[in-house]
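What follows is a set of notes on a single structure, which appears directly below.
The values are calculated or read from the model by the stated rules, or taken from the named source; none is laboratory data. Quick caveat, the model's predicted, so the values are computed rather than measured. For neighbour counting, all protein chains shown are included, and Cβ atoms are generated from backbone atoms with ideal geometry for every residue, glycine included. We work out accessible area using only protein heavy atoms, side chains counted, and drop any ligands, DNA or RNA first. Shrake-Rupley method; radii C 1.70, N 1.55, O 1.52, S 1.80 Å.
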Amino acid sequence: MDFGTTGLVVLGLFLATLMGVAELARRAKRDASPADHFLAGRSLGPFVLFLTLYATAYSGNSLLGYPGSAYRQGFAFVMSTGFMMSIIVVFHALVPRLRPLAMQHGFVTPGDYLRVRFEGPFSRALRLAIAVLMTLALANFLLAQLKAMGQVVEIVTAGRVSYAAGVIGLAFLILVYETRGGMRAVAWTDAAQGIAMLLGLSALLGWLLLEAGGLESITRSVAARRPTAVAVPSMRVCLNWFSTIVLMGLASVLYPQAIQRVFAAESGRALSRSFAAMTFMPLVTTLVVTLIGVAAIARFEIDEAVAADGVVPMLLADWGARGGPGTAAALVVFVGALSAIMSTADSCLLSLGSLLSRDLLGRTSSDAGATALGKRLAAVLLVAVIPVALARELTLWRLIELKMELLIQCVPAFLIALHWRRLAAGPVLAGLVAGTFFSVGLTLAGWPRLGGVHVGVVGCIVNVVVAVAFSAGPSIGGRGASTAGGWRGGPPADRV
Amino acid sequence: MRGSGTARVRLRRVCLGAIALLYVASVPWYRDPGAPLRLWLGLPDWVAIALLCYVGVAVLNGVAWLATEVTDPPGTTSDASGPGDAQGDGTRGALAVRERGR
C-alpha cells in the first residue's frame, strides 16, 4: 500500500475515532445550558486543562504556518519560541484578577466580564465593539485552520483528496463533532491530540537530525544554500522581533477561547499549575517546528511564499514515501498535526457560538435555547468562511498577524481595566476605535509595519493613550468599575 | 509552593523583572548585521544566546506561576450545580441572579 492510500485509511480511522469521542462527550453532558456546553460545567482539572491549553495554543498556525515562516525567514524565526512563551508571561496580568470575578459572577464569555466591569451610556457600545473585534479575529483563526487542514490532507493523501474537498469535508465533520460534544469533546480529544502532536514533532525532528548528521551539519547546509537564513538580523528585523513578542503576548491572552479556559478550570490552583507547565511547551514545540522549517531550507527550493506553508506536509510525504518505520512515524505526525488543527478549529467554533449569541446578540439567558442559538450561528459563520479558505493567496503567518493586530486593541478593556478602576467605558471605546482605525487604515494603505514595528502595536499605544488620558480627566462616558457583585476594591493588590 | 504570602509576592516580582531583562537580551541588538557566521552548540551564536534566554524565561516563569495564588471566592465550587445554581447552568452569583430575573 503506498503512502497516499495508507494516509487515506488512517484519515478515515482518525475521523471515526473523533466522532466516537464526540458521542461519549455528548453522553457525559449534565444539561443543555451554555455553561455546560461551552465550559464543560467548569470541571477541567490541571492535567486536562494543561493539555487542552496546549493543543489549542498549538494549532495549524504552529504546525504549518510557523515552519513556513521559519523556511522563509531562517533562524531569525527563533523569535517564535520567545513570543509563544510571552503569552504565558502576560497571563500573569489577567488570570489572578479575572478568575475570582469569573467565579463570583459566573462568566461564560469575555462579554460577561465587560458587562460587570463597565457601566454608563457607552458600556453596551463597548461590549459590541469588542465582540465584533473578537468575532473577526476568531473567524480569521478559523480560516487559518481550514486552510491548514486542506493543505495537510491534500499532500498526505498524495492528492487523492483535493484541497477544496479537505476544507469542506473536515469543516462539516468539525461542525457535527463540536455541536454534539461541546467543550468536553474538545478538551478530551485535545488531551490525546496534544500527546500525539508532541511525539510526532519530536520524531520528525529526530529524523531530520539523523539524516543530516546533526544540528551543526544542518546549520552549515542552510548557510551554504541561503546565507541570509543564518546571518545576524538587521536592526529592522530586531525591532520586528521585539514587536512580535509584544503583539503576540498581549493579543493571544485575549483569545476568547483562552479566556474561556480560565473560566472552565475546576479551581484557581489547577490554573496556576497548568500555566507553570505550559511555559515550557514552546521549547519542545515552537522551537522544534522552527528547526524543522529551517532544516527544510537545505532540502527544498520553494519560491512561492504561500507554498512554503506546505513544508511540513512535504517533509512528511518525503519521509513516509521511504516505507517501513518512516511511513508509520510520518503517519503519527500526520494524525497529530491534523488533530491539533481540528481541535483548534473546534475551539474557535465553540467560542464563536457563545460570543455571537451572548455578546453580540445579548442572549445571556442560561436555557437550552441560548446554547442552540450559539450552535446555529457558529454553523452559519463556518459556512461563510469556507469560500474564503478556498482562496489561497495569503500566507498563514500573515493571517496570524492580521488577527493579532485586531485582538491587541482589546488590551485596555481587559489588561488595564482589571488593574485600574478609573478606566471608563467611553474612553476605552474611543481608544479602541482610534487604535483599530489606525491599524486597519495603515494596513489597507500598504503599511503593515512602521520601521519593523507592527501597526497593530503602534495602534495599541494610540489606543492606550486615548483610553488612559480621557479616563484620568473629568468623567465622560460613565463610571469606570462597576460596584456590582463585590467588584468594589477588587481582589487583593498583592496578587498582581 | 510554600512560603509566606509576602515572600511569594516578592519572589514573583523578581522573576517577572528578570524575565523582562531576558527578553531584551534575547534580541540580537548587540551584533553587527554583517558579522561572519560563528557556531555555538551547532547553531549561529546569536540564535544559541536567544534560546538560552528563553530557557531562563521558562524556568523563571514556571517559578512565578507556582508562586501565584489564584483564589476562588468562598462559596464557588468547581461543581456546575453548586449553591445558587438552581438551574444547573453553572452560573453563580450576580450574573445567575440577573439571568433568572429575566
Checked against (1) among the hydroxyl-bearing types (Ser, Thr, Tyr); (2) under 14 Å from residue A:25 (Cα atoms); (3) open to solvent by 10 Å² or more (accessible area, probe 1.4 Å), residue A:177 satisfies every condition except (3)
Given (1) out of contact with any strand residue (DSSP E or B) (no Cβ under 9 Å at 6 or more places or on another chain); (2) more than 9 Å from chain A (Cβ to nearest Cβ); (3) aliphatic (A, V, I, L, M), identify the lone condition not met by residue B:39.
(2)
Can you find a residue in region A:112-127 that is outside any helix (DSSP H, G or I) and acidic (Asp, Glu)?
yes
What about residue A:169, is it open to solvent by 20 Å² or more (accessible area, probe 1.4 Å) and outside any helix (DSSP H, G or I)?
no
Long-range neighbours under 9 Å by Cβ, at least six apart or interchain, first residue at positive phi within region A:213-237, second open to solvent by less than 40 Å² (accessible area, probe 1.4 Å) and of a type outside the set (Val, Ile, Thr)
A:214/B:42
Can you pull out every residue in region A:202-254 that is open to solvent by 30 Å² or more (accessible area, probe 1.4 Å) and among the hydroxyl-bearing types (Ser, Thr, Tyr)?
A:202, A:217, A:221, A:228, A:234
When residue A:111 is run through (1) under 19 Å from the mean Cα position of the chain (by Cα); (2) at pLDDT below 90, the failure sits at (2)
Which residue, of A:122, A:141, is among the aromatic types (Phe, Trp, Tyr), under 20 Å from residue A:436 (Cα atoms) and in contact with a Lys or Arg (Cβ under 9 Å, 6 or more places away or on another chain)?
A:141
Go through the residues of region A:262-269 one by one and say whether even a single one is under 25 Å from residue A:402 (Cβ atoms) and out of contact with any strand residue (DSSP E or B) (no Cβ under 7 Å at 6 or more places or on another chain).
yes
Would you confirm whether or not region A:279-300 contains a residue that is more than 9 Å from chain B (Cβ to nearest Cβ), open to solvent by 20 Å² or more (accessible area, probe 1.4 Å) and touching a strand residue (DSSP E or B) at 6+ places or on another chain (Cβ under 8 Å)?
no
When the residues of region A:69-126 are filtered to those that are touching a strand residue (DSSP E or B) at 6+ places or on another chain (Cβ under 7 Å) and more than 25 Å from residue B:20 (Cα to Cα), which remaining residue is nearest to the other protein chains (Cβ to nearest Cβ)?
A:117
Part of a helix (DSSP H, G or I), at pLDDT 90 or above and closer than 19 Å to residue A:295 by Cβ: does that describe residue A:221?
yes
By residue number, the members of region A:255-271 that are open to solvent by 10 Å² or more (accessible area, probe 1.4 Å) and among the polar types (S, T, N, Q) are A:267
Return the residues of region B:37-74 that are assigned to a helix (DSSP H, G or I), open to solvent by 10 Å² or more (accessible area, probe 1.4 Å) and out of contact with any helix residue (DSSP H, G or I) (no Cβ under 7 Å at 6 or more places or on another chain); say none if nothing qualifies.
B:45, B:49, B:52, B:59
Scan of region B:1-21 for residues that are more than 9 Å from chain A (Cβ to nearest Cβ), touching a helix residue (DSSP H, G or I) at 6+ places or on another chain (Cβ under 8 Å) and either part of a helix (DSSP H, G or I) or at pLDDT 90 or above (or both), ordered by number:
B:11, B:15, B:18
Matching residues in region B:23-36 - criterion: being within 9 Å of chain A (Cβ to nearest Cβ) and either open to solvent by less than 20 Å² (accessible area, probe 1.4 Å) or assigned to a helix (DSSP H, G or I) (or both)
B:23, B:24, B:26, B:27, B:28
Take the residues of region A:221-242 that are within 8 Å of chain B (Cβ to nearest Cβ) and touching a helix residue (DSSP H, G or I) at 6+ places or on another chain (Cβ under 6 Å): which is farthest from residue A:298 (Cα to Cα)?
A:241
Scan A:325, A:313 and give me the residue that is closer than 22 Å to residue A:11 by Cα and open to solvent by 10 Å² or more (accessible area, probe 1.4 Å).
A:325
